[in-house]
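Below is one structure, written out as structure tokens; the observations come after it.
The values are calculated or read from the model by the stated rules, or taken from the named source; none is laboratory data. Since the structure is predicted, the reported quantities are computational estimates derived from the model, not experimental observations. In this analysis, Cβ positions are derived from the backbone assuming ideal geometry, glycine residues included, and neighbour counts consider all displayed protein chains.
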Amino acid sequence: MPPAYFIGLMSGTSLDGVDGVVVDFSAPNLQVLATASLAFEAPLRAELLALNSPSGNELHRAALAGNRIAAAYAQVVHQLCQQLASRGLDAAHIRAIGAHGQTVRHQPQRWSDNPEGVGYTLQINNPALLAELTGMTVVADFRSRDVAAGGQGAPLVPAFHQYVFGQPDQTVAVLNLGGIANLSVLPGNTAEPVLGFDCGPGNALMDAWCQQHTGQPFDSGGAWAASGQCLPELLALFLSEPYFSLPPPKSTGRDLFNWSWLQHKLQNFATTRPQDVQATLTELTASACTTSINSYAKNSKSLIVCGGGAFNHHLMQRLQSGLPGVRVSPSDPHGLPPLEVEAAAFAWLARQAITGGPGNLPSVTGASGPRVLGAIYPA
């Protein structure tokens with residue numbers, strides 16, 4: 001039987017660009033055959049950020065941005081195919097592309113203003129155009145079916161985390177530190193359900209504050225935050241946000257944790273040093289995550305960290321400080337580098353859709369049952 005490869009494409013809440021992988025699932029352990037990434041150009045990033053804001057949206061702008069997203073995705077697919085060819089591997093074995101799209105609205109049922117109580121989630125993309133540009137089958141729109149079934153539509157990665165990081169006879173926690181931080185709790189006892197939810201902001205607020213005050217898109221290594229001091233009064237104000245006290249299932253995004261939210265919280269801290277705000281924002285992410293882990297992953301002795309936040313050394317130290325009995329480590333030693341995990345997850349979700357397997361976990365999202373996720377656009 002010929003191999004069946006799957007491409008996963010991910011552009012996350014951080015709005016930094018596209019990550020792509022080619023994954024071979026035919027062996028007992030998945031194998032990443034190629035990786036590629038493409039940073040968003042500044043005008044596209046600005047447009048996506050504007051579309052992710054509470055006002056100023058326009059259907060025409062969103063459609064054009066979707067075309068540009070598809071073009072960026074196609075460039076990454078081209079890079080991946082070139083890497084396969086350089087290794088003597090045939091791109092004709094690629095069965096499908098899983099393309100997440102760029103989330104610009106995430107209003108699941110709990111957060112919906114719709115009087116009927118039906119939520120929605122919206123990812124900008126043009127999967128039909130991506131299929132045309134690549135000549136490959138594309139699977140997209142993974143979250144909507146779960147929301148339609150009463151779920152949060154997010155996070156979707158815990159099922160993949162269980163597939164790749166789960167261990168028999170021990171509970172493992174996995175923390176994805178993208179723009180939003182999401183936690184997966186993988187029990188060693190397969191009779192117990194996998195848990196997962198969004199803890200709160202990951203890098204989104206830290207990146208926004210850093211961009212505003214240093215001109216840099218992120219705080220490299222957390223060095224700027226490490227130069228400041230966490231302000232307990234401001235941290236307490238941040239943590240008073242009701243979202244943090246909600247029980248799972250729950251999910252969030254820039255709809256809540258955005259620049260306007262931060263500006264509102266800082267109204268009485270106008271004279272605060274910027275590096276102290278950065279230190280406090282870093283502590284906010286660390287505190288929200290460690291509280292979630294201490295509440296829902298008490299039996300875990302290992303925390304695997306993926307996403308861009310895994311490279312924030314100061315944040316990783318703050319996580320370790322809040323979890324003295326847990327070994328905090330990036331995902332590299334566990335089989336996948338931090339920046340490949342989410343893209344690989346969408347390759348896996350594409351595989352699930354093509355083979356008719358469920359992609360969601362009702363114990364995570366709160367959906368009424370397992371569902372095949374994603375719309376398929378044939379080559």
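Which of the residues spanning region 191-231 are assigned to a helix (DSSP H, G or I) and touching a Lys or Arg at 6+ places or on another chain (Cβ under 8 Å)? If the condition is that a residue be assigned to a helix (DSSP H, G or I) and touching a Lys or Arg at 6+ places or on another chain (Cβ under 8 Å), then Ala204 is the only one that fits.
Scanning region 306-329 for residues that are in a loop (DSSP other than H, G, I, E, B) and under 22 Å from the mean Cα position of the chain (by Cα) yields Gly307, Asn312. Looking at region 127-190, the strands (runs of 3 or more DSSP E) lying wholly inside it that each contain 1 or more residues that are surrounded by fewer than 23 Cβ atoms within 10 Å (Cβ to Cβ) and touching a helix residue (DSSP H, G or I) at 6+ places or on another chain (Cβ under 9 Å) sit at 172-177.
Could you tell me which residue of region 249-281 is modelled with the highest pLDDT, considering only residues that are buried (at least 18 other Cβ atoms within 10 Å of the Cβ) and hydroxyl-bearing (Ser, Thr, Tyr)? Among residues in region 249-281 that are buried (at least 18 other Cβ atoms within 10 Å of the Cβ) and hydroxyl-bearing (Ser, Thr, Tyr), the one modelled with the highest pLDDT is Thr280.
Of all residue pairs spaced 6 or more apart or on separate chains, those with beta-carbon atoms under 6 Å, a first member in region 326-339 that is within 11 Å of Ala173 (Cβ to Cβ) and a second member that is at pLDDT 95 or above and in a helix (DSSP H, G or I) are Val328/Leu319; Val328/Gln320. Within region 267-275, one or more residues are in a helix (DSSP H, G or I) and assigned by TED's automatic domain parsing to the domain that holds Asn176.
Scanning region 216-245 for residues that are closer than 28 Å to His106 by Cα, of a type in the set (A, V, I, L, M), surrounded by fewer than 20 Cβ atoms within 10 Å (Cβ to Cβ) and in contact with a Phe, Trp or Tyr (Cβ under 9 Å, 6 or more places away or on another chain) yields one hit, Leu237. Within region 291-305, the set of residues being surrounded by 18 or more Cβ atoms within 10 Å (Cβ to Cβ), β-branched (Val, Ile, Thr) and assigned to a helix (DSSP H, G or I) comprises Ile293 only. Within region 294-310, identify whether any single residue is in contact with an Asp or Glu (Cβ under 6 Å, 6 or more places away or on another chain) and either in the same structural domain as Gln102 (by TED's automatic domain parsing) or touching a residue at least 24 places away in the same chain (Cβ under 8 Å) (or both), and answer yes or no. No.
Take Asn52 and tell me if it is closer than 25 Å to Leu262 by Cα and polar (S, T, N, Q). Yes; evaluated as a whole, the condition is true for this residue. Within the bounds of region 192-208, is there any residue that is touching a Pro at 6+ places or on another chain (Cβ under 9 Å), of a type in the set (A, V, I, L, M) and over 18 Å from Asn312 (Cα atoms)? For region 192-208, residues touching a Pro at 6+ places or on another chain (Cβ under 9 Å), of a type in the set (A, V, I, L, M) and over 18 Å from Asn312 (Cα atoms): present.
With the structure loaded, tell me whether Leu15 is in contact with a helix residue (DSSP H, G or I) (Cβ under 6 Å, 6 or more places away or on another chain), under 16 Å from Ile124 (Cβ atoms), in a strand (DSSP E or B) and in contact (Cβ under 8 Å) with a residue 24 or more places away in the chain or whether it fails that test. Considered against the rule, which asks whether it is in contact with a helix residue (DSSP H, G or I) (Cβ under 6 Å, 6 or more places away or on another chain), under 16 Å from Ile124 (Cβ atoms), in a strand (DSSP E or B) and in contact (Cβ under 8 Å) with a residue 24 or more places away in the chain, Leu15 comes out as no. Within region 238-261, identify whether any single residue is among the small types (Gly, Ala, Ser), more than 27 Å from Val326 (Cβ to Cβ) and not assigned by TED's automatic domain parsing to the domain that holds Arg105, and answer yes or no. Yes.
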